[in-house]
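The values are calculated or read from the model by the stated rules, or taken from the named source; none is laboratory data. Predicted, not measured: the structure shown is a model, and the values here were computed from it. Every residue, glycine among them, receives a Cβ derived from its backbone with ideal geometry; neighbour counts consider all protein chains shown. When the accessible area is computed, the model is the full protein with side chains, heavy atoms only, and any ligands, DNA or RNA have been set aside. Shrake-Rupley method; radii C 1.70, N 1.55, O 1.52, S 1.80 Å.
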Amino acid sequence: MTDTSTLEFQVTRNLAAKTDAQRDEILANPGFGQYFTDHMVDVCWSENGGWHRPRVQPYGPISLDPAASVLHYGQEIFEGIKAYRHADGSVHTFRPLENAHRLQRSARRMALPELPEEIFVQSLRELIAQDVAWVPSGADQSLYFRPFMFAKEAFLGVRPAKKVAYYLIASPAGAYFAGGVKPVSIWLSEDYARAGKGGTGAAKTGGNYASSLIAQAEAAEHGCDQVVFLRDGNVEELGGMNVVFVMKDGTIVTPESDSILQGITRDSILQLAADRGHTVERRAISLQEWRDGVANGDIVEVFACGTAAVLSPIGVLKGEGFEDVQPLGELAASLRQELTDIQYGRAEDKHNWLVRLSD
Ligand code: PLP
Ligand code: COI
């Protein structure tokens with residue numbers, strides 16, 4: 001089994017790459033997840049051969065056997081991580097080992113092979129080596145990497161696949177929510193759950209997102225941007241972001257649960273808040289505590305955070321028969337500023353979170 005720390009990638013250049021003018025037009029207004037760079041990475045895994053055939057190749061459709069087990073049983077995991085262009089033109093990513101380790105945890109839960117962290121980071125470097133011109137330089141813009149892994153063995157029996165593929169694609173990104181940074185409205189899903197005890201909530205696996213779609217559609221029907229999920233009356237997270245509460249004494253509270261995604265943005269923001277002297281509590285917080293806290297002034301701000309969407313204040317929580325306007329404060333915006341200042345190289349990176357991908 002090849003378990004080398006790095007692999008030699010075979011590079012095939014995209015002869016139909018976008019022209020500079022076409023790329024510039026896309027980068028002027030990339031939105032989120034709509035456009036993709038000229039190349040992609042793929043690495044194969046098999047039970048006998050381990051990780052092998054690492055390639056960078058032209059971005060394009062993947063050919064799969066119709067019996068590939070991912071199409072039937074959803075054995076799939078993914079990550080989300082960004083590259084940021086600094087004022088001097090260099091390109092950096094943020095805490096990639098955290099994403100590599102989370103991909104490994106997701107792999108264990110979904111009975112997929114663990115990608116060595118060195119290969120994960122190398123895949124980011126290999127893609128940037130070809131597509132560095134796709135990292136935008138506009139305000140709040142970035143290149144969003146989407147690493148993912150799936151079962152490609154053609155077999156309809158239900159067991160972990162013996163053939164798996166790891167891919168990395170990248171997409172230039174502007175604001176995740178149309179309208180930029182403004183408070184978001186949240187719909188409380190009481191009919192649908194995202195995850196439960198012993199389930200896959202802590203893994204970044206497609207099924208969790210598939211199961212959130214109907215609730216997200218319900219949110220949209222009620223005029224809300226996002227949906228928040230509960231488990232046993234406690235707040236879990238949004239469809240694609242973690243939730244953080246600011247109490248009137250400055251304490252910061254965020255849900256602790258074995259069925260939510262351990263967000264890297266949240267972890268970073270909580271570290272920055274702790275550096276400023278805030279007490280940080282990771283504990284269960286019930287819907288009742290949220291609603292009462294907003295009503296009696298104990299909670300002074302609520303925000304959501306994640307790689308794609310960065311950090312957005314929550315402006316309103318709506319549910320069946322109620323609508324609670326949320327208090328807005330200064331902390332969310334100031335933590336967002338501090339985090340993005342580090343990511344974009346405007347402030348000192350005290351925790352050594354940045355990893356240079358290109359000069
Ligand atoms: N929760 C869910 C369900 C997510 O999809 C994400 C996004 O990745 C997050 C939380 C935030 O995680 P991170 O900050 O690592 O992007
Ligand atoms: C991310 O923030 O990276 C995510 O994966 C969220 C996704 C729903 C876009």
TODO: Would you give the gap between the C-alpha center of the stretch 60-112 and the C-alpha center of the stretch 268-316, rounded to a whole Å?
DONE: 27
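How far, in nm, would the chain grow between ASP249 and HIS351 when pulled straight, counting 0.36 nm per residue and subtracting the alpha carbon separation?
On the way: separation 102, 0.36 × 102 = 36.72 nm, distance 2.60 nm.
So the chain would gain 34.1 nm between ASP249 and HIS351.
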TODO: Could you sort out which of LYS163/LYS197; LYS82/LYS350; LYS248/LYS350 sit more than 21 Å apart by Cα distance in this structure?
DONE: LYS163/LYS197; LYS248/LYS350
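Report the relative contact order of the chain, percent, no decimals, based on alpha-carbon pairs under 8 angstrom and at least 6 residues apart.
Details: 765 pairs, mean separation 65.8, N = 359.
Computed over the chain, the figure is 18 percent.
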- [ ] Measure off, as a whole percent, the carbon and sulfur share of the 1.4 Å-probe accessible area of the chain, all protein chains present.
- [x] 49
Task: Of ALA107, TYR344, SER286, farthest towards positive along the dipole that unit charges on Lys, Arg, Asp, Glu beta carbons give the chain - done: ALA107
Open item on the list: From the C-alpha coordinates alone, can you work out the Kirkwood hydrodynamic radius of the chain, in Å?
Closed with: 21.4
Open item on the list: Given all pairs of different Cα atoms, what value in angstroms does the Kirkwood hydrodynamic radius of the stretch 184-343 take?
Closed with: 15.7
TODO: Can you spot the aspartates and glutamates whose alpha carbon is less than 12 Å from LYS182's alpha carbon? Ignore those fewer than 8 places along the same chain.
DONE: ASP225
- [ ] Can you bin the stretch 157-248 into rounded, prolate or oblate? Criterion: square roots of the alpha carbon gyration tensor eigenvalues sorted a ≥ b ≥ c, rounded for a/c under 1.5, prolate for a/b above b/c, oblate for the rest.
- [x] oblate
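Hey, got a sec? Which trypsin sites (Lys or Arg not before Pro) in the stretch 173-255 land in a DSSP loop and have at most 14 other Cβ atoms within 10 Å? Don't skip to the end; give the middle numbers.
Working: sites: ARG194, LYS197, LYS204, ARG231, LYS248; in loops: ARG194, LYS197, LYS204, LYS248.
Here the sparse-neighbourhood loop sites are LYS197, LYS248.
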Task: Integer Hz, Karplus 6.51/-1.76/1.60 couplings in order for the stretch 13-23, x for Gly and Pro - done: 6, 7, 6, 9, 4, 4, 6, 4, 5, 5, 5
Task: Contour minus Cα-Cα distance for ARG13 and GLU190 (0.36 nm per residue) - done: 58.8 nm
TODO: Consider just the alpha-carbon atoms of the stretch 79-159 and return their Rg together with their Dmax, both in angstrom.
DONE: 15.3, 53
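Taking the solvent-accessible surface of protein heavy atoms with a 1.4 Å probe, what is the per residue accessible area of the stretch 4-173 in Å²? Display every interim value, and only then the final one.
Numbers: 7410 Å² over 170 residues.
For the stretch 4-173, the solvent-accessible area averages 44 Å² per residue.
For the stretch 1-62, what does the alpha-carbon gyration tensor say about shape, rounded, prolate or oblate, given a ≥ b ≥ c as the root eigenvalues, a/c under 1.5 as rounded, and a/b over b/c as prolate? Each step should come with its number before you reach the end.
Numbers: a/c = 3.24, a/b = 2.51, b/c = 1.29.
Since a/c reaches 1.5 and a/b is larger than b/c, the shape of the stretch 1-62 is classed as prolate.
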